[in-house]
Protein chains: 10
Amino acid sequence: MAEQFRDILETFANSYPGRDYTIEIICPEFTSVCPKTGQPDYGTMTIRYIPKEKCVELKSLKFYMQRYRNEGIFYENVTNRILDDLVAVLEPKWLQLKSSFTPRGGISTNVVVEYGEK
Amino acid sequence: MAEQFRDILETFANSYPGRDYTIEIICPEFTSVCPKTGQPDYGTMTIRYIPKEKCVELKSLKFYMQRYRNEGIFYENVTNRILDDLVAVLEPKWLQLKSSFTPRGGISTNVVVEYGEK
Amino acid sequence: MAEQFRDILETFANSYPGRDYTIEIICPEFTSVCPKTGQPDYGTMTIRYIPKEKCVELKSLKFYMQRYRNEGIFYENVTNRILDDLVAVLEPKWLQLKSSFTPRGGISTNVVVEYGEK
Amino acid sequence: MAEQFRDILETFANSYPGRDYTIEIICPEFTSVCPKTGQPDYGTMTIRYIPKEKCVELKSLKFYMQRYRNEGIFYENVTNRILDDLVAVLEPKWLQLKSSFTPRGGISTNVVVEYGEK
Amino acid sequence: MAEQFRDILETFANSYPGRDYTIEIICPEFTSVCPKTGQPDYGTMTIRYIPKEKCVELKSLKFYMQRYRNEGIFYENVTNRILDDLVAVLEPKWLQLKSSFTPRGGISTNVVVEYGEK
Amino acid sequence: MAEQFRDILETFANSYPGRDYTIEIICPEFTSVCPKTGQPDYGTMTIRYIPKEKCVELKSLKFYMQRYRNEGIFYENVTNRILDDLVAVLEPKWLQLKSSFTPRGGISTNVVVEYGEK
Amino acid sequence: MAEQFRDILETFANSYPGRDYTIEIICPEFTSVCPKTGQPDYGTMTIRYIPKEKCVELKSLKFYMQRYRNEGIFYENVTNRILDDLVAVLEPKWLQLKSSFTPRGGISTNVVVEYGEK
Amino acid sequence: MAEQFRDILETFANSYPGRDYTIEIICPEFTSVCPKTGQPDYGTMTIRYIPKEKCVELKSLKFYMQRYRNEGIFYENVTNRILDDLVAVLEPKWLQLKSSFTPRGGISTNVVVEYGEK
Amino acid sequence: MAEQFRDILETFANSYPGRDYTIEIICPEFTSVCPKTGQPDYGTMTIRYIPKEKCVELKSLKFYMQRYRNEGIFYENVTNRILDDLVAVLEPKWLQLKSSFTPRGGISTNVVVEYGEK
Amino acid sequence: MAEQFRDILETFANSYPGRDYTIEIICPEFTSVCPKTGQPDYGTMTIRYIPKEKCVELKSLKFYMQRYRNEGIFYENVTNRILDDLVAVLEPKWLQLKSSFTPRGGISTNVVVEYGEK
């Protein structure tokens, strides 16, 4: 089940829960597999969020991202699915995920998904 | 008929139709022909859209863009025409097309067209 | 008469008059003459406009810009005068002109003028 | 006690207290220690603030930043703590702190915290 | 008296007084002296303003800026003082001054001051 | 016959035939077709040569390059073939051709061919 | 056996075998696995070679590079091993391989290996 | 007569005639006219020379360059002609002139001419 | 004793000892302390070497570099001392060390030291 | 006397006198005065040298460079004079000085002087 990927994500308690602030995490080494061609895709995942009670632990996030290494999934779907996983685990006030994939056939694609109000 | 170009565009079902998110597609290898001089024009087409039920399939988009390779058409018109085709086929919530053409006579031109509300 | 410069500008009919879209034209090879020192000035003229019925024809724009080659005129005035000429000929919904001049005495100058509502 | 770090910060009287203006201070040589791994972290601290009665003295700010050189503290916490110290000492109208850390495990992190209204 | 510096500033009549437009002037060769250490400071002064009746003459502005060459003055104060001088002489609708100083002790500073409404 | 392409190239007499000097011509709008996939390729052709009696006329060079627009040919071969054509027509002392093609399947290719002694 | 990877590499006949020219191929999407930590490594492989009788076919090169996706191997060894494979299959006059890996623990590594005389 | 342009060039005595050193002068505001189309050309002239007894005075060089403003002349010829003028007036040990012209028809051109031994 | 720092450096056997190849290692997070002012210095250490029998293990190199974190030492000396340590431990065919330090008092410094023949 | 400037330069003993290595010092905050116009000049002085017995002390170098702040001197002469001073004080094996001045009248100038053999 795809949802099981999120079990690997760990959190730690936000020490400043009463304050709105933004954490930006940039993962330029994301890779998954195109479900149509079986060819690897490469991209950068940029997470920006305002935490409530929980912050994402970075080492667990690294392992979570690595789970997609041999996973066949489209650009649009992987972006939405990672957003869903992060929102389920972090329960943030606001979270935005931007993915930027390297060119295929001379065409490159970025996807931006957002949860909550800033 | 110019409208026939759009028949080549294929779509796939948006898996997250209830969520507003943005897909950006950058096509830096666009080329058409100036109808006045017969000389080739070169540019980048950048599509940004919020899908409703349909997403554009990238390989078909590549073939669609290639159809302009030997088509004589002005900067302003090709930008509007591609917008019309994408809107007709994708029926998006919002779509923006930006074209950026390389210099001619020391002058370069960009055109931005938009459909719907963000 | 300065106004005569604008006679050289040609237009073609906007094929999409019912739609608001933006055309940006970048002219990095502008040169005029400083009326005080007689020395040449160099700059980039960037036009951005939303057309109504008319679009500017690019070859005539190139010739129009060349008319300033030996014209003595201050930065602020040439920017306003070109705006006036373009507005008179194009009757656009909105037009912005930005000029950027190369350094003189270690100081560089940009001017931004706007017409109409975006 | 962590709060004691702030004692090193010195201020001087704002000569223009009746006017809202912004001071931006960029400290690209920040380093602290990861409390989990004991490994050093490196980053840039960017402070932007609108002063009321007091401005921060730059040499004391340099010494304050150096105090974190051997301090074990997480990205999120150090950013919030420095904000708290600067706000306590400067009592500014508005203050924003942005931290940008170099990559660890292929992932880089930025944090933005803000105090007051702009 | 510090105010006497402004006497060197000359103006010329704005030929388009009924129109709001923006003039940006970039002076990357500004230098003054730190009043504490006696060491020279180096920076860029960027002026942006909407003129009313008067525009600043660039050669006189160059000489005005040079007057700070051997003047001992803090970053925050010199930025506010130049703003005051320009506002007194130009009586503009709006004026913004941004100063950017090179690093000292690994720390760089920018100051932004504004007058009037845009 | 492929060799016929070169008939379009025109030359003019080198006015400084007794002097070794270098002419560099950069053509960033080259496009041909992959003979295997039928898909368009895009690249930049950079010619550097030391003329003997003849220099290449730039407008004819532009038309020559355009002849490859719908020609199916591999990267390595098109680079060698253009070198052969230029050498046959210009009879230069030395000529180097560098081609740089945009990525395909995440891989980009450059080819450098040289004729004569520098 | 590691040598078996090279079986996937295909070649085509060099059409200009009597001429020394250089082919450069840039593969920015290389990934393998650290044999010590089991963590993925990411890098760019840049091949430069002077062919004799054979040129490498790019699609087969892409598949060859992908074989390292789940292979545990050190930076230095993978660079030498790919060189050996390319030399065995292409029998070039000269071949250079440069690998550039993304930072680990704040440290990045490049390796350059060469075969034959230029 | 074209040679008369060089009369405007002034020199001053090299204070270090017994020492080989290099002076580089970059003139990014060069403009002349295409003799074929009558259209203006724009480029950068970069002079590098080792003086013997004379150095070129910069203000006179600026006026010399401006003389080409309305002169019809090809890229290759103007580069050689300026070299000849500089060599005649400066009698340097070594002099190199590089011209770089902005794109025309999507093609840009640089010319490098050299005199003497370095 | 300063030499004791080198004890932390570990090596692994070069798998390709019969072949000359270059390994480049970039450490942008180097910091030491100025022995005169007690203030921290920051820089990048770039090692390039041709191994004989031994390659440096990267994790031990990271720990070795961190030992300078609180060490008082001049730019020139730390560069030579690290070279000596690396040469003693690796016994390479050739090794070059380049250090680049961030500006102090508006002045930045780089040092390049080399051992052996390339 | 101009030579007196050099009295301010201090040296320290080179700890590695038996080894050839290169020290590069970049001073981007150099300013002097044009002896013809009285206007300030701005530039970057880049020193590269191989020391024998002595290295230049950086703080004294900063003060030495500041001595030119109000000194009227031509580009070519100041570069040669600083070289002479550094050579006299450091007695290096090799020393190169490169000066790069900001544009005047649209023209920028660099001078490179060298002493000794590398």
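The values are calculated or read from the model by the stated rules, or taken from the named source; none is laboratory data. Just so you know, these numbers come straight off a predicted model, no measurement behind them. Virtual Cβ from ideal backbone geometry, glycine too; neighbours counted across all protein chains shown.
Some notes on this structure:
The rows are residues; the columns are (1) crowded, with 19+ Cβ neighbours inside 10 Å; (2) at pLDDT 95 or above; (3) more than 21 Å from I:R104 (Cβ to Cβ).
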site: J:T11; (1), (2), (3): no, yes, no
site: J:T37; (1), (2), (3): no, no, yes
site: J:D41; (1), (2), (3): yes, yes, yes
site: J:L86; (1), (2), (3): yes, yes, no
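- If you go through the range J:104-118 and keep only what is at pLDDT 95 or above and within 17 Å of H:R48 (Cα to Cα), you end up with J:I107, J:S108, J:T109, J:N110, J:V111, J:V112, J:V113, J:E114.
- Index of the failed condition, D:T37 passing every other in (1) touching a residue at least 12 places away in the same chain (Cβ under 8 Å); (2) among the β-branched types (V, I, T); (3) closer than 27 Å to I:S32 by Cβ: (1)
- Of residues in the range B:66-80 being more than 20 Å from B:E10 (Cβ to Cβ) and within 13 Å of the chain's Cα centre (by Cα), the one farthest from the other protein chains (Cβ to nearest Cβ): B:V78
- Candidate set: the range D:104-118, residues that are among the hydroxyl-bearing types (S, T, Y) and facing chain A (nearest Cβ under 7 Å); chosen: the one nearest to G:G106 (Cα to Cα): D:S108
- Selection of the range B:7-24 for residues being in a loop (DSSP other than H, G, I, E, B) and not polar (S, T, N, Q) yields B:L9, B:E10, B:Y16, B:P17, B:G18, B:R19, B:D20.
- Just one of the listed residues (C:K54, C:K62) is at pLDDT 95 or above, under 22 Å from H:G43 (Cβ atoms) and of a type outside the set (G, A, S), and it is C:K62.
- Matching residues, the range E:2-34, being in contact (Cβ under 8 Å) with a residue 24 or more places away in the chain and of a type in the set (V, I, T): E:I8, E:T11, E:T22, E:I23, E:I25, E:T31, E:V33
- Top-ranked residue in the range A:1-24 [being farther than 30 Å from B:K59 by Cα and of a type in the set (F, W, Y); ranked as farthest from the other protein chains (Cβ to nearest Cβ)]: A:F12
- Selected residue [of a type in the set (K, R) and more than 27 Å from C:F12 (Cα to Cα)] from C:K36, C:K52: C:K36
- Segments classed as strands (runs of 3 or more DSSP E), wholly inside the range F:25-104, with at least 2 members that are closer than 30 Å to G:K62 by Cα: F:40-50, F:94-104
- Residues that are without any contact (Cβ under 8 Å) to a residue 60 or more places away in the chain and more than 12 Å from the chain's Cα centre (by Cα), drawn from the range G:40-57: G:P40, G:P51, G:K52, G:E53, G:K54, G:C55, G:E57
- Among residues of the range D:100-115 that are touching a residue at least 60 places away in the same chain (Cβ under 8 Å), those with a beta-carbon under 6 Å from a residue that is not β-branched (V, I, T) at least six positions away or on a different chain give the pairs D:F101/D:D41; D:F101/D:G43; D:F101/D:Y75; D:T102/D:Y42.
- Matching entry among C:V56, C:V33 (being under 28 Å from H:E71 (Cα atoms) and aliphatic (A, V, I, L, M)): C:V33
- Take the conditions (1) in contact with a Phe, Trp or Tyr (Cβ under 7 Å, 6 or more places away or on another chain); (2) in a strand (DSSP E or B); (3) under 25 Å from I:N70 (Cα atoms); D:V112 misses just one of them, which is (3).
- Looking across B:F101, B:F30, one residue alone is within 11 Å of chain A (Cβ to nearest Cβ), modelled with pLDDT of 95 or more, buried (at least 18 other Cβ atoms within 10 Å of the Cβ) and within 17 Å of A:I107 (Cα to Cα). It is B:F30.
- Selection status of J:I23, buried (at least 16 other Cβ atoms within 10 Å of the Cβ) and over 29 Å from E:T44 (Cα atoms): yes
- Checked against (1) closer than 25 Å to D:N77 by Cβ; (2) among the aromatic types (F, W, Y); (3) within 14 Å of chain B (Cβ to nearest Cβ), A:F63 passes all but condition (3).
- E:V87 meets each of the listed conditions (1) in contact (Cβ under 8 Å) with a residue 12 or more places away in the chain; (2) under 30 Å from D:F30 (Cα atoms); (3) of a type outside the set (S, T, N, Q) apart from (2).
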